[in-house]
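Asks: What follows is a single structure, and I will ask about it in a moment.
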């Protein structure tokens, strides 16, 4: 028996000395190195005698590595694949993969396998790849990895969207799944990624499924490293339902505009003779035997019919603006002269105290007739919604570096509530529809039309208001007139 033990010990000693991996034996209690083979000593550039008796933790490169090692030893006496940095005799770092297990009650046997940089990179890449795949498998949007236009990986969401099986899609040319009209844009996105553009690229495209259907998809591309080589990550979001909804909304809007135009024309046609007959009766009441009381009734009818005509005209104009068929006619003119013309034609000076602060030499480029209508509607609102004494201010501001002219109309009127401000520029919306529409004979189209006209100019209209104090509407007009609109 003793002979067999000596034979076993001899074989173990031979394996210990001849192993290509570094092996040491250290004490469980204080980590004192008892034995070190030639491979381990060579790994750290020591001779075996110099290592014998040293504390193993003193070979770890820094305090953090010692903490990690001691924590791991406490967690388990039997460990494999623990990455750590040791310090060579010269003080350089040596990254190794440690494994240890107890030999007996007092001794650990520890094996150290060196990890060169390529091995570390490859191991990390593989680990990241596994982790990423686990993440991508659960995503609700389609994920592809593409290299040289060939699909290397597709997640389940993409397979469901496309109708393909994983084996069918692997190695397929990605561009073969894209409609011919969209292939050039997708090629450019992929090429930008390959050139190292780290900014995600976004495109809309028509995707061809296995069944031959074309679905709209939003596609993002991003350069990545996959299995150690450059590739393109493609995130594909199904927007076919969204596109269908947008098409339906657009069709509904076109139908609505068509109905409004048809109804407006049908209403306007019978109004023309009514307006003519009423004017005829009122202008010569004696010839038609009309008494004064009857004339007053006819005048009220004429006012109501004329208001109806104005409403119909606004509805027609709003429909034209909505359709995008209206073209602006740009010219250069004096803003101060335009304001004076609006004040004179509307007789606003007799209705309110008007203060104007506009530079006399300011020349702007815009559609003068359309801007006239916008400012006129703002002044009309300011007068109608203000309480005596009505005070209205028209002023201008713009800095040297400002890209916009800012033209404001401020009043001391009833103001607009915060809730109403959210919808004040929507068609048929008023600050207080239940009261103001009847009081001021309004239906809430002028602000909606004003906003559309300003947007056609490349600008906008905004409002600031304090309830029971007043409102300020501001036109933001680009200094560079869009003459080609």
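Asks: When a/c is below 1.5 the answer is rounded, else prolate if a/b is larger than b/c, else oblate, so apply that to the range 13-115 with a ≥ b ≥ c taken from the square roots of the Cα gyration tensor eigenvalues.
Replies: It comes out rounded by the Cα gyration axes.
Asks: Right, another one. Could you please rank 55, 414, placing first whichever residue has the fewest other Cβ atoms within 10 Å of its Cβ?
Replies: 55, 414
Asks: List the residues of the range 63-99 whose backbone N lies under 20 Å from a point placed 7 Å from the Cα of residue 107 along the Cα-to-Cβ direction.
Replies: Backbone N within reach: 77-79, 99.
Asks: Let me ask you something else. When a footprinting reagent is the concern and you count Cβ atoms within 10 Å, what order do 107, 269 take, fewest first?
Replies: 269, 107
Asks: Relative to the present Cα-Cα distance, how much length would full extension add between residue 344 and residue 95 at 0.36 nm per residue of separation?
Replies: This chain segment gains 80.8 nm when fully extended.
Asks: Need one number: nm distance between label points at residue 227 and residue 309, each 7 Å from Cα along Cα→Cβ, rounded to one decimal.
Replies: So the label points at residue 227 and residue 309 sit 7.9 nm apart.
Asks: Right, next: Does anything in the range 154-174 have its amide N under 11 Å from the 7 Å Cα→Cβ label point of residue 185, and if so which residues?
Replies: Residues passing the 11 Å test: none.
Asks: Given a cut-off of under 8 Å on Cα pairs at least six residues apart, what relative contact order in percent is computed for the range 13-115?
Replies: Contact order relative to length: 27 percent.
Asks: With the contact rule set at Cα under 8 Å and sequence spacing of 6 or more, what percent relative contact order holds for the range 331-478?
Replies: Reported relative contact order: 23 percent.
Asks: Here's something else I'd like to know. Using the count of nearby Cβ atoms within 10 Å as a rough guide to exposure, how do 476, 21, 45 rank from fewest to most?
Replies: Final ranking by Cβ density, sparse to dense: 45, 21, 476.
Asks: Any chance you could run the full-extension gain for residue 82 through residue 68? It's 0.36 nm times the residue separation minus the Cα-Cα distance, nm to one decimal.
Replies: Stretched fully, the residue 82-residue 68 segment lengthens by 4.1 nm.
Asks: Compute the Cα gyration tensor for the range 331-478, then decide on rounded, prolate or oblate, letting a ≥ b ≥ c be the square roots of its eigenvalues: rounded whenever a/c is under 1.5, prolate when a/b is larger than b/c in the other cases, and oblate in all that remain.
Replies: Prolate is the answer for the range 331-478, as a/c is 1.5 or above and a/b outweighs b/c.
Asks: Another question about this same structure. Ordered by packing density, taken as the mean number of other Cβ atoms within 10 Å over each peptide's residues, highest first, how do 344-351, 216-223 rank?
Replies: Descending packing order for the listed peptides: 216-223, 344-351.
The numbers here are math on the coordinates, done by the rules we state, and not lab data. Everything numeric in this text was worked out from a predicted model, so none of it was measured. Please note: Cβ atoms are built from the backbone with ideal geometry, for glycine as well, and neighbour counts cover all protein chains shown.
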